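Just below is one structure, and these are the notes that go with it.
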Amino acid sequence: MNPLPLLNWIQHTDWATAMKESSLVFPLIEGSHILSLSFSVGMVMMLDLRLLRISFRSQPVSLMMQQPMPWTVAGFGVMFVTGTLLFLTQAVKAYGNVFFRVKMILLVLAGINALYQLKYYPKMAEWDRTETPLGVRAIAVLSLIFWIGVIACGRTMAYEL
């Protein structure tokens, strides 16, 4: 099944066209997407760097997980909604963009990685006193790689010919 007719219809709906052509709405959505990225991914990266003992060494791991979590979840929610809106305004172009496709793959991998990390969540308080397990450090490295890739692909999408 070819998704292009559906994507073409979506991006040419009245509301998608109005959003795309608005000199106020589209920049607000795009700016909100970028700002929410800093809340969501920024907090995830802080936790990953703590799990790798690269930074925030004096902070307990359990605290690094609990305190920023509401900001992370809220940021991800805004990032998801605004990203979806941005996609809908240029669905055909995005679908044909290799960087968009790689970004989506990396987002799925980052999500799977985060879900896998949740199995370790109950044990995080133990790491306040001991070394972070090797498997968890591997998850943190993968998380950093996936999110850096998502951001790089998102920025590069605009430059594909």
Worksheet item: residue 130 fails exactly one of the following numbered conditions: (1) of a type in the set (S, T, N, Q); (2) surrounded by fewer than 17 Cβ atoms within 10 Å (Cβ to Cβ); (3) under 21 Å from residue 35 (Cα atoms). What is the number of that condition?
Response: (3)
Worksheet item: Could we say that residue 146 is in contact (Cβ under 8 Å) with a residue 60 or more places away in the chain and in contact with a helix residue (DSSP H, G or I) (Cβ under 6 Å, 6 or more places away or on another chain) here?
Response: no
Fill in: Residue that is farthest from residue 127 (Cα to Cα) [pool: residues in segment 44-100 that are hydroxyl-bearing (Ser, Thr, Tyr) and in a helix (DSSP H, G or I)]
89
Item to complete: Assess whether residue 72 counts as being polar (S, T, N, Q) and at pLDDT 90 or above.
Response: no
Item to complete: Under 8 Å between Cβ atoms, at least 6 apart or on separate chains: pull out the pairs that start in segment 20-33 with a residue that is without any contact (Cβ under 8 Å) to a residue 24 or more places away in the chain and of a type in the set (Val, Ile, Thr) and end on any residue that is in a helix (DSSP H, G or I) and surrounded by 14 or more Cβ atoms within 10 Å (Cβ to Cβ).
Response: 25/19
Practice prompt. Kindly list, by first and then second residue, each pair from a residue in segment 114-127 that is farther than 15 Å from residue 60 by Cα and modelled with pLDDT of 80 or more to a residue that is β-branched (Val, Ile, Thr) and part of a helix (DSSP H, G or I), limited to pairs with Cβ atoms under 9 Å and residues at least 6 apart or on different chains.
Written response: 114/44; 114/139; 116/139; 117/136; 117/139
Worksheet item: Within segment 74-94, can one find any residue that is out of contact with any strand residue (DSSP E or B) (no Cβ under 7 Å at 6 or more places or on another chain), closer than 30 Å to residue 128 by Cα and charged (D, E, K, R)?
Response: no
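The values are calculated or read from the model by the stated rules, or taken from the named source; none is laboratory data. None of the values given here were measured: they were computed from a predicted structure. No Cβ is skipped: glycine too gets one built from the backbone with ideal geometry, and neighbour counts run over all protein chains shown.
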